[in-house]
Amino acid sequence: MFFVPFLIMLREGLEAALIVVLIASYLKKTGQSQWMNAVWIGAFSAVALCLGLGFFIEATTGEFPQQQQELFEGIVAAIAVVMLTYMVFWMQNASKNIGKDLQTAIDGAISQQDGKAKALVIMVFLAVAREGLESVFFLIAAFSQDVGVMAPLGAMTGLITAILLGGVMYFGGVRLPLAAFFRWSALLILFVAAGLAAGAIRAFHEAGIWNHYQNIAYHFGAILSTHSVTGTLLQGLFGYQEAPTVSEVFVYGLYLIPALAWFSLNMRRTRTETSTPSD
């Protein structure tokens, strides 16, 4: 399970890096580079908070009995689904005006009569922490499903890649095809979130709090086994199960179908707004 943590951390890291790059570029262009220390303090404080929370949760969950462990994993998976969904649709709606909105927020922060640095630190902290907290809950859910080294390696590789791309955007002035990346990665993430939703129901069943519709919906083991390379890959990417229960299939579809419909509707609306000439 290398690719999904890599994709999530690359996307989350790029979103955070994009925010920091936009703020830094705006301060530089407007001759206010003296506030960059506040930007870095806010960014690194948010990273420290997210890392600390992640290590704390990971360290304490090992003390739970098995049933409580399954319950915790189900809750974390459900939170991860909510946060991933919010991430996809927030970025889809905010991407059109993110630059202008940030500039307005920066102007408001540094126009304070008192506490200019504090206001800028808080603004950057909240922006980066939002991305980081989304990553924390997803990675905890992902690591609980895969105890190997590939998931952490994928997450670290994605984060490092995002940091390097952020540096290229800022220092090299290079414009990356971010719109296409965010669009297609968002589509993949919706399938990942659907798999996590089904996994949450499975964890709640193993925790003993959901025991309905547990008969097997279908069995694809003879066609595509999770022990095969393709099956293992699909299981790691999208939560594929060769013999899911009825409740897992229902929750998977209950999440994915409306999410894809809303995503498609937003895409169509964005294209219409883009193609419509302004007066």
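Laboratory data are not the source of any read-out in this text; all were calculated from the coordinates shown. Everything quoted here is computed from the prediction, not taken from an experiment. Don't worry about glycine lacking a Cβ; one is built from the backbone with ideal geometry, like all the others, and counts go over all protein chains shown.
Below 8 Å, C-alpha to C-alpha, sequence gap of six or more: please give me the relative contact order for the range 156-247 in percent. Could the numbers behind the result be given before it?
Numbers: 64 pairs, mean separation 26.1, N = 92.
After rounding, I find 28 percent.
Report the gain in length on full extension from LEU51 to ILE257: 0.36 nm times residue separation, minus Cα-Cα distance, nm rounded to one decimal.
Details: separation 206, 0.36 × 206 = 74.16 nm, distance 3.36 nm.
Extra length available between LEU51 and ILE257 comes to 70.8 nm.
Enter the angle in degrees (range 0 to 90, nearest 10) between the Cα long axis of helix 116-145 and the first principal axis of the Cα atoms of the chain, meaning the one along which they spread out most.
Helix 116-145 sits roughly 20 degrees off the main axis of the chain.
Express in nm, to one decimal, how much length is gained between THR270 and LEU224 on full extension, taking 0.36 nm for each residue of separation and deducting their alpha carbon distance. All intermediate terms of the calculation are to be shown ahead of the outcome.
On the way: separation 46, 0.36 × 46 = 16.56 nm, distance 3.77 nm.
Answer, rounded to one decimal: 12.8 nm.
7 Å from Cα along Cα→Cβ at both THR232 and GLN66: what's the point-to-point distance in nm?
Between THR232 and GLN66, the simple spin-label model gives 2.5 nm.
Relative contact order for the range 3-275: what percent, with Cα pairs under 8 Å and sequence separation of 6 or more? Before the final figure, lay out each step's value.
Working: 308 pairs, mean separation 83.1, N = 273.
Rounded, it is 30 percent for the range 3-275.
Spin-label point model (7 Å from Cα, Cβ direction): what's the ASN215 to ALA59 distance in nm?
Going by the 7 Å Cα→Cβ label model, 4.8 nm.
Over all alpha-carbon pairs of the range 3-275, lay out the pair-distance distribution in 10 Å bins, whole %, shortest bin first.
Distribution as computed: 6, 26, 31, 22, 11, 3, 0 percent.
Provide the packing ranking of 158-164, 189-195, i.e. peptides ordered by the mean count of other C-beta atoms within 10 Å per residue, highest first.
On the way: 158-164: 17.3, 189-195: 23.0.
Final packing ranking: 189-195, 158-164.
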